[in-house]
1. Please pick out the residue among 99, 119, 130 that is touching a Gly at 6+ places or on another chain (Cβ under 7 Å) and closer than 19 Å to residue 39 by Cα.
2. Can you pull out the residues in the stretch 123-150 that are free of Cβ contacts under 8 Å to residues at least 12 places away in the same chain and among the polar types (S, T, N, Q)?
3. Quickly run through the stretch 100-155 and pick out the residues that are of a type in the set (S, T, N, Q) and surrounded by fewer than 14 Cβ atoms within 10 Å (Cβ to Cβ).
4. Any residue at all in the stretch 83-96 that is farther than 18 Å from residue 35 by Cα, basic (Lys, Arg) and loosely packed, with under 13 Cβ neighbours inside 10 Å?
5. Hey, can you tell me all the residues within the stretch 57-68 that are within 14 Å of residue 93 (Cβ to Cβ) and among the polar types (S, T, N, Q)?
6. Residues 116, 76: which one is more than 16 Å from residue 56 (Cα to Cα), among the hydrophobic types (A, V, I, L, M, F, W, C) and at pLDDT 90 or above?
Amino acid sequence: MRLPFAATLAGLLLMTSAASQAGAADQGPFVLKGVYRFVSEAKGADGKPVCVERWTFGDDGIETVESGQEVVRLRFHVEGDKPPKYYLVATALETNGKPDCVGRTNPVPNGESRHFFVPMNSGTLMFCPPPASTADGTPVIGNCYGQAVPEPATP
């Protein structure tokens, strides 16, 4: 039996993608890697975002969040099956105990946090409340609280 060209090409692309991720921690159905700049949708009296953070996702499943003076290390993975059903799931490992972008100091929380996100074609990740559904089951997403934009790679 002869496979159509498109099916063969799709199979090769899947194998190449899987091979390129070998050796990395299993992050789940959506791979987060690199540095992102998170900007809150909420604005202060000066019109600027209330919070801007730097998120670094490592191949080893460790995320580092720089928020204000605070630096937090977390173990992370992604859960979900396809857009719009992705969740960034993280467990804090340590914090330096300094104030975050809104001036709060946070102890290392127990348990995991879950944040719903929608990947955009541009590479930006929109963080929003989990989607509601219409009567026919169509997901409705709104009131997003921020976006994480990939930072350019540095040589």
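The values are calculated or read from the model by the stated rules, or taken from the named source; none is laboratory data. Model, not experiment: these values are computed from the prediction. Neighbour counts are summed over all protein chains in view; Cβ atoms, including those assigned to glycine, are modelled from backbone coordinates with ideal geometry.
1. On the way: 119 fails: touching a Gly at 6+ places or on another chain (Cβ under 7 Å); 130 fails: touching a Gly at 6+ places or on another chain (Cβ under 7 Å).
Selected residue: 99, the only one of 99, 119, 130 that is touching a Gly at 6+ places or on another chain (Cβ under 7 Å) and closer than 19 Å to residue 39 by Cα.
2. Going through the stretch 123-150, the residues free of Cβ contacts under 8 Å to residues at least 12 places away in the same chain turn out to be 132-138, 140.
Answer for the stretch 123-150, where residues must be free of Cβ contacts under 8 Å to residues at least 12 places away in the same chain and among the polar types (S, T, N, Q): 133, 134, 138.
3. To start, the set of residues in the stretch 100-155 that are of a type in the set (S, T, N, Q) comprises 105-106, 110, 113, 121-122, 124, 133-134, 138, 143, 147, 154.
Result: 105, 110, 113, 121, 122, 133, 134, 138, 143, 154.
4. no
5. Residue satisfying the conditions is 64 alone.
6. On the way: 76 fails: more than 16 Å from residue 56 (Cα to Cα).
The match here is 116.
Condition check ((1) at pLDDT below 95; (2) more than 13 Å from the chain's Cα centre (by Cα)) across all residues:
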| site | (1), (2) |
| --- | --- |
| 9 | yes, yes |
| 16 | yes, yes |
| 22 | yes, yes |
| 28 | yes, no |
| 32 | yes, no |
| 40 | no, yes |
| 54 | no, no |
